[in-house]
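Asker: Take a look at the following structure, please.
The values are calculated or read from the model by the stated rules, or taken from the named source; none is laboratory data. This structure is a prediction, so every number in the text was calculated from the model and none was measured. Glycine gets a Cβ as well: all are built from the backbone with ideal geometry, and neighbour counts include every protein chain shown. The area values use the complete protein model at the heavy-atom level, side chains included, leaving out ligands, DNA and RNA. Shrake-Rupley method; radii C 1.70, N 1.55, O 1.52, S 1.80 Å.
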Amino acid sequence: MDKARLRRAIIEGRNRLTAAERERLSLLAQKRLMAQPVWEKAGSVALYVAAKGELDTGLLLDAAWASGKRAYLPRGARGPSGAPDFAPRDPPGALQPGAFAIPAPAPGLPPTSCYAAMSV
């Protein structure tokens, strides 16, 4: 199956879930990730703000900030290397509508490539 067909199939399956089922599965996935040693050891994490029925990451963001982790979120743009442009998002920094009206860090924050963000 090519990438576009696989993506459509995944989105269609996700869209068949009820809101309650999406919420339950999102919570389960976030709790499982936070139970992993890699989460505990991480000083920084790259996440996204969910849109269009995607897995919610709100619990992960809150847990990252509560434990002193640095959270990086994509801004929907690409950096000079072609990698996604991430920016640090620390509370109480406001998110603004970004690409496709998805909340993202303010444009004025310094960019960080996703690879640099993950190695911080």
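Asker: Go through Val45, Val38 and list them by solvent-accessible area, largest first, probe radius 1.4 Å.
Answerer: Val38, Val45
Asker: Ranked by accessible surface with a 1.4 Å probe, highest first, in what order do Arg24, Arg7, Arg14, Arg89 come?
Answerer: Highest to lowest solvent-accessible surface, that is Arg7, Arg24, Arg14, Arg89.
Asker: Per-residue accessible area for Glu54 at 1.4 Å probe radius, Å² rounded to 10?
Answerer: Accessible area, nearest 10 Å²: 70 Å².
Asker: Near the amide H of Ala46, under 5 Å away, which other amide H atoms are found, from residues 5 or more places off or on another chain, if H is placed in the peptide plane?
Answerer: For Ala46, whose amide H was placed from the backbone, the distant partners under 5 Å are Tyr72.
Asker: Amide H to amide H under 5 Å from Ala104: which residues, 5+ apart in sequence or cross-chain, H placed 1.01 Å off N in plane?
Answerer: Correct list: Gln96, Gly98.
Asker: Still on this structure, please answer the following. Largest first, what is the accessible-area ranking of Arg16, Arg32, Arg22, Arg5 with a 1.4 Å probe?
Answerer: Working: Arg16 175, Arg32 150, Arg22 65, Arg5 125 Å².
Descending accessible area places them as Arg16, Arg32, Arg5, Arg22.
Asker: Follow-up question, since we're still on this one. What nm distance separates the two modelled labels at Lys41 and Ala29, each placed 7 Å from Cα along Cα→Cβ?
Answerer: It works out to 2.4 nm between the two label points.
Asker: Here is a further query. How far apart, in nanometres, would the label points at Thr18 and Ala50 be if each is projected 7 angstrom from Cα along the Cα-to-Cβ direction?
Answerer: 1.6 nm
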